[in-house]
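The structure appears right after this line, and notes come after that.
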Amino acid sequence: MMNKRQSEYLELGKINTLLIDRHTPHGVFVLSKAGEDVLLPQAYVTDEMADGLLIDLFIYTDSQDRPVATTLKPKAMLGEFGVFEVVDTTSFGAFVNWGLPKDLLVPNKFQKSPFKIGEKRFLKIIYDNKTDRLIGSEKIGNLFERKVLDLRSKQEVSALIIEKTPLGFKCIVEEKYRGLLYHNEIFESIDLGDTKTAYIKNIRADGNIDLTLRQPNNKQITTLCDNILKLLQSNVGMMPYNYKSDAKLIKEVFSMSKKDFKKALTKLQDERKIKVQENGIYIQD
């Protein structure tokens, strides 16, 4: 294991490796290599923290905007992105929970639309030069790469859900591209902040990517068949659904479209794994 190297200077919004300098009733003061000190409050001090040791700490500002250290790690650090829940609103902005005792401020001018308590927003952690503190911003600038060079149609990708729109959910694809998952392609519960396994339907000329949660071709039907069999097994081999069942009910129970449901039932019948009758689906004896 490599030895830790003491941080040259205190860096707000980042993990700093600092030297434990002295204990006080209020906590431990730690030092950068340049001699800058900051307090680690008593609530985070442990018996193992002896003078002269190096320790990794996150630096932010307290309620009086003074630099302070913590052993806690926030949901996102300076320059990083995340989905945060709104916990309070004021005339000058809103506060979101980012995993630290002091909530993160998102000033009004850095909001795309007014925040509401309880909702989730996709934000970037930035440094505000005017106030010398960390804040959140929805105005994330040119985050996405516009030329998609390393992806192809039907490829499996990771999609981080960042915003709900009338068309669908905006996503970050593979941490660098802009994607959209249309509402009519969704047959399961989705929340902001979820990371989903998705598949590329289309890569547009402007770099936007159309996504689906459904696996392509035969692999998709095989997965749907497996899901139906698992549900049947957990329901003592019978469920009261068939080809005539309501599409909304199928989506709610089986997390698939009626079209895919009918294809899966036909495949399972052809393989003699189920029987479909007027009163429901049965596992084949």
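Derivation of every value follows stated rules applied to the coordinates shown; laboratory data play no part. Being a predicted model, the structure only gives us computed values, none of them experimental. Here the Cβ positions follow ideal geometry from the backbone for every residue, glycine too, while neighbour counts run over all protein chains shown.
What the table shows:
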| item | result |
| --- | --- |
| Normalised contact order of the chain, rounded percent, pairs of Cα under 8 Å and 6 or more residues apart | 10 percent |
| Separation between Cα centres of segment 80-96 and segment 173-205, rounded to whole Å | 24 Å |
| Three-way shape label, segment 81-137, alpha-carbon gyration tensor, a/c 1.5 | rounded |
| Cα-based shape type of segment 15-70, given that a ≥ b ≥ c are square roots of the gyration tensor eigenvalues and the cut on a/c is 1.5 | oblate |
| Helix 258-270 axis, angle to the chain major axis (alpha carbon atoms, nearest 10°) | 60 degrees |
| The chain: angle of helix 217-234 to the longest principal axis, Cα-based, in degrees nearest 10 | 90 degrees |
| Chymotrypsin sites (Phe, Trp or Tyr not before Pro) restricted to DSSP loop in segment 1-47 with at most 16 other C-beta within 10 Å | Tyr9 |
| Sequence-separation-based contact order of segment 71-115, relative, with Cα cut under 8 Å and 6+ spacing, percent | 30 percent |
| Within the chain, percent of DSSP bridges classed antiparallel, to nearest 5 | 95 percent |
| Cα gyration tensor, segment 83-238 - rounded (a/c under 1.5), prolate or oblate | oblate |
| Sum of -39500 (n - 2.57) over DSSP H runs of 4+, divided by residues of the chain (222 nm, nearest 500) | -4500 deg cm²/dmol |
| Chymotrypsin sites (Phe, Trp or Tyr not before Pro) restricted to segment 184-285 and DSSP loop, no more than 15 other C-beta within 10 Å | Tyr243 |
